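Here the structure comes first, spelled out in structure tokens, and everything after it is commentary.
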Amino acid sequence: MNTATVSITTKQTIEGRHDHYLHCKRHELRHKGIHVSSSELCALPSECNRIRQAPGNRGPLSDRLAARQADGTVLLFKDHKTTLPTSLHGASGDMFPISWAPTNYLSTASTEGAVVYWDLEGGDQQAMSLKTSWADRTINDIDWLDNHTMLVSTDGKSLAVLDTRMATPAAVVEEAHYDDVICGKHGPDNYVITCAGKDWVLRDLRALGTPLYYAPETHKDDIYALEWSPAIPTVFATGATDGSVRVWDLALVGREQATGDKEDGPPELVFDHRGHEETVNDLQWSSRPWTLVSAGGECSVQMWEPAQTSHRTVQPWDIKDDDVM
């Protein structure tokens, strides 16, 4: 498994480093402000489709990476350097959801509709389990809401809120969608986006069973990944099995459109990225606003941002040069 650290330099910084500018131009680098450094962590013994870094406000845990493998093992790396990982056991099945809580918990899914989590603050590697009533269902997504509760999405069209302090689910919504719920993510102001098939639905966490807004046929194929923007509260992105990534803004729902614009999609569709040839397996927002990283089934990782949108002014930061994309 390899990790890469990517930094984007501003135009002003690049222009102040003329030697670096000439080096990039001589080697025909497409973007002179991007620096990539990589390291090989280890060879994984089985398939891994999810890797997540701990939130940056976690002190000594902030550099940790967690990867879920198909055999149920979770590998915990202390940093981005070449180190032997700690193996966390207690989960089973070939499911891949993995999620960090705001504080010291790390969770993944297990067979028989269970969620397994570890308290890592004290170095305890003993797995704890939260049972649901869905013994025959696959858990597709887990999203921690706070230090004790999490949103769980399943193959059985259902949603649940689990609480580590309770033996039974805090809330359950059966038949939340017409199809399996693949993604479910909690955003600001108690908003929740859930995805099933090609559709996404806006919900209120306090009343999950009553959709606030239903967006049908948002992709040409099924949605596989979903992430809220950490910088803009109303913005989120979805990735689909047709290779597309789309950026949405809830603030634009219901805005009047010109006749020609309607052909491009609803007003809340901000941008449509078509850079992948196969399924978008995962996507994450960068710390740089409006910049996304997406991973495709064709074994490519792309960092990109919309060139322009209908509701913001993009400040130019690329060097105006023929070598710049």
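Key figures
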quantity	calculated
Accessible area expressed per residue, segment 95-219, with surrounding protein chains retained (probe 1.4 Å, Å²)	40
FRET efficiency for Lys262 and Asp136, using Cβ-Cβ distance with R0 set to 41 Å, rounded to 0.05	0.45
For peptides 236-244, 223-231, sequence by mean Cβ density within 10 Å, most packed first	236-244, 223-231
Rg in Å to one decimal, and Dmax rounded to a whole Å, for segment 71-172 via C-alpha atoms	13.3, 42
Cα-centred dipole magnitude for segment 120-251, charges only on beta-carbon of K, R (+1) and D, E (-1), debye, nearest 20	160
Potential lengthening between Leu212 and Asp63 on full extension [0.36 nm per residue; Cα-Cα distance subtracted]	49.9 nm
At most 16 other Cβ within 10 Å, DSSP loop - trypsin sites (Lys or Arg not before Pro), segment 140-244	Arg165, Arg206, Lys220
Added length on full extension, which subtracts the Cα-Cα distance from 0.36 nm per residue, Val301 to Tyr178	41.1 nm
Pairs of Cα atoms farther than 26 Å apart, segment 168-286, %	18
Accessible surface of segment 85-160 [probe 1.4 Å, protein heavy atoms]: carbon and sulfur percent	41
Where segment 222-272 is the region considered: accessible area per residue in Å², 1.4 Å probe	44
Projected area, mean over directions - segment 154-216, Cα convex hull, nm²	4.3
Calculated log₁₀ intensity ratio I(q)/I(0) where the Debye formula runs over C-alpha points of segment 83-235, q = 0.12, 0.13, 0.18, 0.19 Å⁻¹	-0.49, -0.57, -1.07, -1.18
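The values are calculated or read from the model by the stated rules, or taken from the named source; none is laboratory data. The model shown is predicted, which means the values in this text are computed figures rather than measured ones. Methodologically, a virtual Cβ is constructed for each residue, glycine included, from the backbone with ideal geometry; neighbour enumeration extends over all protein chains shown. Quick note on the areas: whole protein, heavy atoms, side chains included, nothing else; ligands and nucleic acids left out. Shrake-Rupley method; radii C 1.70, N 1.55, O 1.52, S 1.80 Å.
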